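The values are calculated or read from the model by the stated rules, or taken from the named source; none is laboratory data. All figures in this text were calculated on a predicted structure; none of them were measured in a lab. For the accessible areas, the whole protein counts, side chains as well, though only heavy atoms, and no ligand, DNA or RNA atoms are used. Shrake-Rupley method; radii C 1.70, N 1.55, O 1.52, S 1.80 Å.
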Amino acid sequence: MRGAVLNGAVMRKTSFLGADLAGALINDVNSADGVNFENASMRGASIGNSDLHNADFRGADLREATIKDARLDRSSFNHLTNFSNTIFAGEIHLEEAMMQGVNLDGVAIGSEIGSGPTMKGANLDGASLRGARLSFGSLVEASLNHADLSNADLFTADFSKAHANYANFTNAELAWSEFADSFLHSTIFTGANLFGADFLSVCGFPIDMVGFSTFEPSTSCPALP
């Protein structure tokens, strides 16, 4: 199926397990709930203006693929999903996506001004996002425990109510970001730009934020497990 044209196709619960979809065109697809791309080769594929919620991309090769204006809510990815040189553009939705341990180093997701990714409730525990660009993104209620976001561009990103215990934001761009009501136990902010950032009612004791003027710990935090 290399180079297949699947524009407008009905893919609901279709299995492309291990398929060769390199260079495939998957545009204007709106009936693809639960489509399975596990271990598929999708290098250079184009996914645009499509709704692929609940899709399975675990182990998929997405190198040099272009994903634009796509809904990938509740989709699954893992540490074997290859995002090398993947291009995300336009409106990207990854709400409640399962992305534990993924490698998004250097990847820009929906980086146009004012058009960051929507990743509310996404699970990025243990993920590597070193040097990634998620500026203007919404990560409200996301789980980022033990994630590495060092040197990431997170300008004005919203981490309200997120769980980012033991995460690493070393040297990250966090100007005007929002961390209200988030969980930041032993989270590292060494060298991060925190100009205008909001840390109101935070749970936990982040590292290298001593004297930060807008840090206000919560008085009603649950005990850490």
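When all protein chains stay in place and ligands, DNA and RNA are ignored, the 1.4 Å accessible-area order of 91, 141, largest first, is 91, 141. Normalising the Debye intensity of the chain to I(0), with uniform scatterers on Cα atoms only, and taking log10 at q = 0.08, 0.15 Å⁻¹ returns -0.29, -0.89.
Can you put 79, 53 in order of accessible area, largest first, using a 1.4 Å probe?
Numbers: 79 125, 53 45 Å².
Ranking 79, 53 by accessible area, largest first, yields 79, 53.
Taking every C-alpha pair closer than 8 Å and separated by at least 6 residues, the mean separation divided by the residue count of region 156-215 gives a relative contact order of 33 percent. Once the convex hull of all Cα atoms in region 1-71 is built, its volume per residue stands at 60 Å³. Over the C-alpha atoms of region 94-154, the Rg to Rh ratio, Rh being the Kirkwood estimate, stands at 0.93. Using the alpha-carbon positions of region 72-118, Rg (one decimal) and Dmax (whole number) come out as 10.7, 30 Å.
Rounded to the nearest whole Hz, the Karplus-based 3J(HN,Hα) values (6.51 cos²θ - 1.76 cosθ + 1.60, θ = phi - 60°) of region 39-48 follow the sequence 6, 6, 8, 10, 4, x, 6, 10, 10, x, with x at glycine and proline.
Just the number, please: carbon plus sulfur as a percent of the accessible area of the chain, 1.4 Å probe, no ligands or DNA/RNA counted. Roughly 49 percent of what the probe reaches on the chain is carbon or sulfur.
In angstrom, the C-alpha Rg and Dmax of region 38-170 are 13.1, 36.
Taking all C-alpha pairs of region 156-208, those more than 18 Å from each other amount to 13 percent. Projected onto planes of every orientation and averaged, the convex hull of the alpha-carbon atoms in region 101-210 covers 5.3 nm². If the cut-off is 17 Å between C-alpha atoms, which lysines fall inside it for residue 120, apart from same-chain ones fewer than 8 positions away? Within the straight-line limit of under 17 Å, residue 120 reaches these lysines: 161.
At a threshold of 8 angstrom on Cα-Cα distance, excluding pairs fewer than six apart, so keeping six or more, what relative contact order does the chain reach in percent? Walk me through the intermediate numbers first.
Numbers: 820 pairs, mean separation 20.8, N = 225.
Dividing the mean separation by the residue count of the chain yields 9 percent.
Residues 17, 184 ordered from highest to lowest accessible area at a 1.4 Å probe: 17, 184.
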